[in-house]
Amino acid sequence: MKKSRYILLLIFILIISSEIKGTEHFKLDGWCYIDGKANLELWQKKEAGFISENIINNAVALGCEVLKGYTLKDEIDKESAVLQSNNCPFGFWRLDYTGYDSSGNIYFKLYTHQDRKIKNINEIINEISKITKLSDGDNIIYQKIILFEELLGDFLKEDGEVIIVDPEKDIIINNINEIPVLKIEASQTNSIINVRVVALE
């Protein structure tokens, strides 16, 4: 009888520890997993007066998007804000997988917003705010993708910044600190790469 109790207790402890371990995936370095469908994951980082969201593609074919996202800061005077600086009240970006070389390095292109296309800062911030107000539900990630497509695409620079990455290393995009740390896993058999959010070590 005692032996069966110990076995049940051990099973219970293993289940609890595996659940705790599983939840670590859903909160990493301030980033929270919000929703996921197919190969897409929505990650959010939220603090007082600040929100950032990224939709990350876990299985990326050559020429496709790795991620797209935005940041919105509430506490900055939007009229006097200078774009391309830390005082900018918002930012948005897209990262594309553009190729690889014989050494195994992977090539990305990072597209960020260009200020000359943005006439009214308050108007664009109001549009971004609509994204943040979407209620949780089964289709939240798809709703946000539609808004990202309608809103962000028109304001991205035409020429992206080339980023070359060794797939053995985690990707940290230094000029945009509102993108979570990504781990890239290259396939040995095809050109698809696997992408996942990881904790900064």
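The values are calculated or read from the model by the stated rules, or taken from the named source; none is laboratory data. Here the structure is a predicted model, which is why all the values come from computation and not from measurement. Don't worry about glycine lacking a Cβ; one is built from the backbone with ideal geometry, like all the others, and counts go over all protein chains shown. Side chains are part of the model used for accessible areas, which takes the heavy atoms of the whole protein and leaves out ligands, DNA and RNA. Shrake-Rupley method; radii C 1.70, N 1.55, O 1.52, S 1.80 Å.
All conditions but one from (1) open to solvent by less than 20 Å² (accessible area, probe 1.4 Å); (2) part of a loop (DSSP other than H, G, I, E, B); (3) not acidic (Asp, Glu) apply to residue 199; the one that does not is (1).
Among the residues here, residue 46 does not qualify as touching a helix residue (DSSP H, G or I) at 6+ places or on another chain (Cβ under 6 Å) and either at pLDDT below 90 or of a type in the set (Asp, Glu) (or both). Just name the residue that is nearest to residue 34 (Cα to Cα) out of those in the stretch 122-144 that are assigned to a helix (DSSP H, G or I) and in contact with a Lys or Arg (Cβ under 8 Å, 6 or more places away or on another chain). Among them, the one singled out is 141. Looking across the stretch 187-196, the residues that are under 19 Å from the mean Cα position of the chain (by Cα) and either open to solvent by 40 Å² or more (accessible area, probe 1.4 Å) or not hydrophobic (A, V, I, L, M, F, W, C) (or both) come down to 192, 194, 196.
Assessment of the stretch 153-169 against the conditions (surrounded by 15 or more Cβ atoms within 10 Å (Cβ to Cβ) and within 16 Å of the chain's Cα centre (by Cα)) yields no matching residue. Entry remark, the stretch 60-106: residues being modelled with pLDDT of 85 or more, of a type in the set (Asp, Glu) and outside any strand (DSSP E or B) number 1 in total.
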